[in-house]
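Encoded as structure tokens, the structure appears first; notes follow it.
Laboratory data are not the source of any read-out in this text; all were calculated from the coordinates shown. In this text the structure is predicted, and so the values were computed from the model without any measurement. For neighbour counting, all protein chains shown are included, and Cβ atoms are generated from backbone atoms with ideal geometry for every residue, glycine included.
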Amino acid sequence: MSRLKLVSIIVFMVFSLGTMAQKGPSFIGVSGGISFPTGNWGKANFISSTNGYVSDPAGFADKGGFGSVDGAWFFSKHFGIGGLFSYGTHKTKNINTLSAGYQDSFDVDQVATTAGSYKMWSLMPGLYFDHRLWKKLSVTARALAGITHTSTPEISVDVTDSDIDDGTFVQQSASKTAFGFDGGIGLRYSILKCLSMRLLGDYFYSKPNFTIGNTKRLNEAGRLINNYNQALAGFNVSLGVAYVFGK
Amino acid sequence: MKKSNFSFRQLVYGSGIAFLMIMAGCNKKESTVTPAPPGNEFLTTVELKLTNAADATDTMTAIWRQLDPSGNASPDTSKAILNLKTNATYNAQVVILDETQTPAVNVTDEIHDRVNYHLFYFQPTPIPASSLVISNTSADIPTSDGTAVSATGPYLNLVVSRTDLDNNNPPLQVGLMDNFVTGAASNGWLRVVLRHQPNVKNGTFDPGSTDLDVNYKININ
């Protein structure tokens, strides 16, 4: 690990010192795209428990959309410092699976389930890299770390049996700010003198430890999440434009 | 490179509009309604198995049976009778079967797995109003749910109490296991009701719905 760090620093210094005289493409850009959750966060498990609560790590996060604004000032030909602000949402996926678990757990005629979305914003400064490959085409990369604020979806479950509405219980939304990081690589293509298009792929990660409130859970059966401490990670694919200064 | 007509201001305005569109499009909630799958068991047969606490050889079983799942046919109550001794205590067990299937399915096991939201009630009648106890630990059924109190008697001298607990926190009674305590010689009826109280069980009768509601003839001699 320490050898990898040393090599990275040497590469960085060689690139920086050798190109200090020239400045890279400082920019501000906007982009948007699709986010794909990974790990337990993106799983959806059927949970039936008739005789006790079950805390399940599956987060039921669907692929989502996001938008971001970022910019960087290049102090050398290849390297710059900058920052990213992004906001995105992930709907609750496979809600039928979630609902069927409660239906089986309580052995009732009908369960109506309503779920909101994960909402997530990030503010991350970090290092940017840009290297021209061919004429107008460049490869870009970024390594960012900062804060990620996430709120979990509110999930309402209404139980009906023998035409009697047995009420609604709610897994409340919870919010948490945690350390997060983002690493990405992509392509930049200059379509105008001061305007570039960017195609980026990023990996993002944070692990907030949510404390989740639940209302009206009277009997011990079914899925119950009081605490959620799973990695909220995934891949973002985005397309955007950037205004390049000084061109 | 040709001169660009694009300005930084245009970029900001365009981005703002796109961002608002993303925000508006992503705030819808997901909803679904899940019905029960077909194939639930029928509760066709309810057995009360009693053992005299003072004499393990003194056992009896009363059987209420309704083999028509539609409920249109009259139940077979020819064996729904308990002949109890005076001033005795019986350990009782409730057994529920689905005899529409071959072999018969013991539904008691399923109820045992789901004790956290099932609750049995046992209502002896005739009963004076002063003996009707309505609380979250009593097996009596409120008058609003069908118990007729009698001002004159003669009364059935039987008290039923549940002895088993579920896995809720704090635990609540269930009623698959019970104590029957008799007094002086008397006759009457015992109404047995199973309440299904999904996520609403609190020890009282009213929440939820009724899974079964049957009656037994009681003779205490």
**Study point:** Whole-number percent relative contact order across the range B:93-206, with pairs defined as alpha carbons under 8 Å at least 6 apart
**Key:** 33 percent
Review point. Which aspartates and glutamates, on any chain, are close to A:Lys207 with Cα under 20 Å apart, when same-chain ones fewer than 8 places away are left out?
Key: A:Asp56, A:Asp62, A:Glu154, A:Asp182
Check your understanding: Using the alpha-carbon centroid of each, what span in Å lies between the range A:106-157 and the range A:26-47?
Key -> 5 Å
Point to revise | Spread of Cα-to-Cα distances over 10 Å intervals beginning at zero, given as percent, for the range A:129-247 | key: 11, 27, 20, 17, 13, 8, 3, 0
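Helix-only estimate, please: 222 nm mean residue ellipticity of the protein assembly as shown, summing -39500 (n - 2.57) across DSSP H runs of length 4 or more and dividing by its residues, to the nearest 500. Spell out each step's value before the answer.
Details: 4 runs with 54 residues, N = 468.
So the helix-based figure for the protein assembly as shown works out to -3500 deg cm²/dmol.
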Point to revise | Test item: A:156-164 mean partner chain Cβ contacts at 10 Å | key: 4
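Give me the tail of P(r) for the range B:87-213 as a percent: Cα-Cα pairs with distance above 22 Å. Intermediate results must be reported in sequence, preceding the final value.
Numbers: 2991 of 8001 pairs.
The answer is 37 percent, as a whole percent.
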Review point. Averaged across the residues of A:108-116, what count of C-beta atoms belonging to other chains lies within 10 Å of each residue's C-beta?
Key: 5
Study note, to complete from the structure: The equivalent-ellipsoid semi-axes of chain A, taken as the square roots of five times the Cα gyration tensor eigenvalues and listed largest first in whole Å, are 46, 18, 13
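Can you list the trypsin sites (Lys or Arg not before Pro) in the range A:174-218 that are in a DSSP coil and have 14 or fewer other beta carbons within 10 angstrom?
Values: sites: A:Lys176, A:Arg188, A:Lys193, A:Arg198, A:Lys216, A:Arg217; in loops: A:Lys193, A:Lys216, A:Arg217.
Passing sites in the range A:174-218 are A:Lys193, A:Lys216.
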Review point. What is the average number of partner chain Cβ atoms found within 10 Å of a Cβ in B:205-217?
Key: 2
Revision key, fill the gap. Mean separation of Cα contacts under 8 Å (at least 6 apart) over the residue count of chain A, i.e. the relative contact order in percent, is 22 percent
Exercise for review: Find the relative contact order for the range A:25-77 and round it to a whole percent, using C-alpha pairs within less than 8 Å whose residues are 6+ positions apart.
Suggested key: 55 percent
Practice item. Check cross-link reach from B:Lys217 to the lysines: straight Cα distance under 18 Å, and skip same-chain residues fewer than eight apart. Key: B:Lys49, B:Lys79, B:Lys85
